[in-house]
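Shown next, in structure tokens, is the structure this report addresses.
The values are calculated or read from the model by the stated rules, or taken from the named source; none is laboratory data. Note that the structure is a prediction, hence the values are computed from the model and not measured. Please note: Cβ atoms are built from the backbone with ideal geometry, for glycine as well, and neighbour counts cover all protein chains shown. Calculation scope for accessible area: heavy atoms of the full protein, side chains included, ligands and nucleic acids excluded. Shrake-Rupley method; radii C 1.70, N 1.55, O 1.52, S 1.80 Å.
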Amino acid sequence: MNTNLKVGFLIPDLSNGGAEKAMFNVASYFYQQGIQLQIIAGNTSGANLARLPENVPVFSLDNAAPLDSPSFFKNVKGIMKYARAQKPDVLICNSDYLNIAVVTARFFVKTKFKIIIAQQYHVGEFIKTLPLKNRLFLKFIQYGIARKADVIVGSSKGVAENYAALYHIKYPSAKIQAVYNPIYEEAIPALAAAVVTDTVFATGCIKLINVGRLLEQKDQVTLIKAFALFLKKERVAHLYIVGVGKEQAALEQLAHSLQVNEKISFLGYKENPFAYVAKCDLFVLSSRYEGFGNVVVEALATGVNVVSTDCPSGPAEILNNGEFGFLCPPCDPEALSETMITALRHKKPAALLINRAKGFSIEKTGQEYLDIVCELCN
């Protein structure tokens, strides 16, 4: 392995979102292997800055809103300045507007670094949610990215297959491949064992939990409707929803209209969600679509049984089509309710679930990314 390689990770900011966390975990593995690691961020706000070793250089594009369309030229200018000064061998990027900016920047600089695009979300499902104008614009820039990037890495097989089909790329191939997100960390068991002090969480009943942003994509509407049906058969139960988002008021109103508001607690953001998940009977993911489904792996890592929609894409791959969890169709409250009841009655052993989660380790994924980098630079 060539430890003289200089690899930059280009991200919007240093926040602790799922995509950012995945890239930071890969970056940390590169650092441990002696690769010359650099972080390039649209701006340097976010909690992940403290996680970086002190000697890892961080370059800022000084762009407060790097994912806004008007910021394109500022992104390109910043990446060009970085590339000319630092001369990286490879840049790994995981965000559409930065992806097209890095492709454009390479065109104008003499330093012809390699570009790896880490595609984190399911494009085909996401673009269905956009107005026609935005949909066409996104497909236009992604078509350019697909043609000019050296490698595209999907966070699941479903993501990679969908991207390849949309932009007419052979899959699998050297051009596009799937590498699962690095989610399992050795710290998870200790985090899961932490004491939960919330009094609302101390109820002696069946506990169901959902962790995720409160957005249409995550479809907590279906979850709450399913829980209302679930309560008709399992009356002593409580649903905990961890996360924040613009849909919270509407979700609270839905719970009230279904007369289940006293059985549902919105816990907001939690620094350590593992402690809450580990003390529940089931983790439930109700998403309409995912890229990978980091929270599914995180739930498995606590030994808790998982119920998930079989959405495109990721959860079914993580759960191996039901071997390590329970799947049901998306947007179907009755099916989700029945699957939750089935999961409670036929739980899978915690040791089996934890072992499955370990298969999505930082070491495994980090090495797969490193193999791609080394192959590109040979």
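Overview of results
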read-out	value
Pair list, Cβ < 6 Å and 6+ apart or interchain, from the range 140-155 residues that are crowded, with 18+ Cβ neighbours inside 10 Å to residues that are in a helix (DSSP H, G or I) and of a type in the set (S, T, N, Q)	I145/N99
Where a residue in the range 246-259 is of a type in the set (K, R) and its partner, wherever it lies, is open to solvent by less than 70 Å² (accessible area, probe 1.4 Å) and outside any helix (DSSP H, G or I), with Cβ under 9 Å and at least six apart	K246/L214; K246/L215
Selected residue (only one of I39, I92 is open to solvent by less than 30 Å² (accessible area, probe 1.4 Å) and either assigned to a helix (DSSP H, G or I) or out of contact with any Pro (no Cβ under 8 Å at 6 or more places or on another chain) (or both))	I92
Scope the range 163-188; condition in contact (Cβ under 8 Å) with a residue 60 or more places away in the chain and open to solvent by 30 Å² or more (accessible area, probe 1.4 Å); matching residues	A174, Q177, Y180, E185
Inter-residue pairs, beta-carbon under 6 Å, first within 16 Å of L231 (Cβ to Cβ) and small (G, A, S) and in the range 317-342, second open to solvent by less than 10 Å² (accessible area, probe 1.4 Å) and assigned to a helix (DSSP H, G or I), 6+ apart	S337/A226; S337/F230
Where T129 falls short, out of the listed (1) part of a loop (DSSP other than H, G, I, E, B); (2) closer than 22 Å to I372 by Cβ; (3) not aromatic (F, W, Y)	(2)
Total residues in the range 209-250, condition open to solvent by less than 50 Å² (accessible area, probe 1.4 Å), under 19 Å from the mean Cα position of the chain (by Cα) and of a type outside the set (D, E, K, R)	12
Candidate set: the range 317-333, residues that are part of a helix (DSSP H, G or I) and out of contact with any Lys or Arg (no Cβ under 9 Å at 6 or more places or on another chain); chosen: the one nearest to D281 (Cα to Cα)	G322
Qualifying residue in the range 280-294 (condition: over 29 Å from V123 (Cα atoms), in contact with a Lys or Arg (Cβ under 7 Å, 6 or more places away or on another chain) and in a helix (DSSP H, G or I))	no
Q32 open to solvent by 50 Å² or more (accessible area, probe 1.4 Å) and closer than 21 Å to M80 by Cβ	no
